[in-house]
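The values are calculated or read from the model by the stated rules, or taken from the named source; none is laboratory data. None of the values given here were measured: they were computed from a predicted structure. Using ideal geometry, Cβ is built from the backbone for each residue, glycine included, and neighbour counts are taken over all protein chains shown.
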Ligand code: PSU
Ligand code: MN
């Protein structure tokens, strides 16, 4: 498809019909601290390779929509000061103005779909913010899941959101939310939220089969896979609720708004947990990358 630039590795893999897993880049530009973001990005890519698939990190570099980044590209993205957080609404201006930025779940889904990549792994999706009944802060990620046929492997939604409202909106929009080996919707840093997950599947093969069946009947929607953070890195739910409440209070006091809210809250949470939230964040993305690769392999087995 015109308008996209592929890395040599991703182009060759797609041409041969071998499995590819897309990765987002807002997590690198806005979710993780510099300079750790670079080696974390490389570790996540390595996880996908060792599970038998090819990673395609998606980002906008100097106004070019890139599918798969070479090492120098990844270095540049991770060290750019002032990289922009790019969601659906931002893509046209970013490309025409030559911006460099990280793509959110929504923007990554759009570019992955254009590239013919069906599976995408990340940490947590955006969703309905607490207090959204007053400020209407609802992520464009939810609409994208309803309209773009890409499977998103996550540890649920971002921890700072209103999870019951997020699940309600996903239900309204007809997005399948699948618990991987769990009956509960995971809460990002924590394995449980107390909320039931609407659908459950227990293997990459079952997930690939469900995806294929929906796709082949022309549903044209995305799918959200909710994979709980690995047990050994999970954080305690009551403690996290308290820390998140404090961080939300601080955000309100300092007047962070719009797309600055998440980066601000994540750094507050990192400080409050003495870095444990960062470890959990990295490990859950790594687990999602691995699961995404297994699903991509299962899907490429029977097209
Ligand atoms: N979850 C995190 N860190 C992040 C994000 C999610 O723990 O940085 C990013 C993802 O890229 C997601 C985006 O798509 O935040 C959603 O932002 P918003 O709520 O502004 O749409
Ligand atoms: Mn928002």
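Couple of notes before you dig in:
- Residue count for the stretch 134-178, restricted to those that are assigned to a loop (DSSP other than H, G, I, E, B), within 13 Å of ligand 1 (Cβ to nearest atom) and within 25 Å of residue 261 (Cα to Cα): 9.
- Residues that are more than 23 Å from residue 283 (Cβ to Cβ) and buried (at least 24 other Cβ atoms within 10 Å of the Cβ) within the stretch 106-117 comprise 106, 107, 109, 111, 112, 117, listed in sequence order.
- Of all residues in the stretch 79-97, none satisfies being within 28 Å of residue 230 (Cα to Cα), outside any strand (DSSP E or B) and at pLDDT 95 or above.
- Considering residues of the stretch 233-249 that are in contact with a helix residue (DSSP H, G or I) (Cβ under 6 Å, 6 or more places away or on another chain) and part of a helix (DSSP H, G or I) only, the residue nearest to ligand 2 (Cβ to nearest atom): 247
- Here residue 30 meets each of (1) part of a helix (DSSP H, G or I); (2) more than 17 Å from residue 151 (Cβ to Cβ); (3) at pLDDT 95 or above with one exception, condition (3).
- Just one residue in the set 83, 121 is surrounded by 20 or more Cβ atoms within 10 Å (Cβ to Cβ), over 21 Å from residue 21 (Cα atoms) and more than 11 Å from ligand 1 (Cβ to nearest atom); that residue is 83.
- Residues satisfying the stated conditions in the stretch 134-164, i.e. under 23 Å from residue 242 (Cβ atoms) and more than 13 Å from ligand 2 (Cβ to nearest atom): 134, 155, 156, 159, 163, 164
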